1. Quantify, in whole percent, the carbon and sulfur part of the accessible surface of the chain (1.4 Å probe; protein heavy atoms only).
2. Name the long-range amide H neighbours of residue 109: under 5 Å, sequence gap of 5 or more, or other chain; modelled H, no Pro or chain starts.
3. Might you work out the accessible area of residue 112 for me, using a 1.4 Å probe with all protein chains in place, and round it to the nearest 10 Å²?
4. So what's the back-of-envelope 222 nm ellipticity for the chain, counting only DSSP H runs of four-plus at -39500 (n - 2.57) apiece and dividing by all residues, rounded to 500?
5. Grab the beta carbon distance between residue 171 and residue 122, set R0 = 35 Å, and tell me the FRET efficiency rounded to 0.05.
6. Starting from the amide H of residue 69, placed 1.01 Å from N in the peptide plane, find each other amide H under 5 Å away whose residue is 5 or more places distant or on another chain.
7. Which of the aspartates and glutamates could be linked to residue 65 by a straight reach, that is with a Cα gap under 19 Å, when you skip same-chain ones fewer than 8 residues away?
8. If you count only protein heavy atoms and use a 1.4 Å probe, how large is the accessible surface of residue 28, to the nearest 10 Å²?
Amino acid sequence: MSEQVLTNTQTSGNMRWYVIHAYSGMEKSVQKGLTERIARSGMAEKFGKILVPSEEVVEIKSGHKAVSERRFFPGYVLIEMEMTDETWHLVKNTPKVTGFVGGVRNKPSPISPAEVQKIMDQMQAGVDKPKPKTLFEVGEMVRVKEGPFTDFNGNVEEVNYEKSRLRVSVTIFGRGTPVELEFGQVEKM
């Protein structure tokens, strides 16, 4: 979960959440740039949190678990701020920011507190229990890429996200044989 909190000595009651459109893949850079610009501008009391909504995902690489981050909304950053001409210009003129989402050109519309809470809950769920990077569905065809059934194709019969395992029906000698495999042992076709 990527979150920047600016240290405010006093918080204004006029802060709302806005969505900023940024260059895709540059969300962290925008978050850092905004934090630095806000600190230099002396307007920290007009800004709250800056979020890059993301979750942790687990991937098995060469038998080892690798945890990485997946963004919910690539190209978007959430910012809690008091909307004034000065704060609007500070955000809009930050490198790699293309503008605000929603509303009219000079007057972006905020998102509802319920939407923000839903995103934060989704982010917290990703921290509490990282999801697998690849999601499988029952009935989907996969190819076994390691183990005794390497290069066999099979049909997914069951998916267990708790244990990161699949039951795949692999055709051996003309018969479907159920095989238990880890997510990292198969790939989607």
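The values are calculated or read from the model by the stated rules, or taken from the named source; none is laboratory data. This one's a predicted model, so the numbers in the text were calculated from it and none came from an experiment. Glycine also receives a Cβ, built like all others from the backbone with ideal geometry; neighbour counts cover every protein chain displayed. Accessible surface areas use protein heavy atoms only, side chains included; no ligands, DNA or RNA. Shrake-Rupley method; radii C 1.70, N 1.55, O 1.52, S 1.80 Å.
1. 50 percent
2. Long-range HN contacts for residue 109: 103, 104.
3. Number for this one is 40 Å².
4. -6500 deg cm²/dmol
5. With a Förster radius of 35 Å, E is 0.35.
6. It is 57, by chain and number.
7. 55, 56, 128, 146, 162, 180, 182, 187
8. Number for this one is 80 Å².
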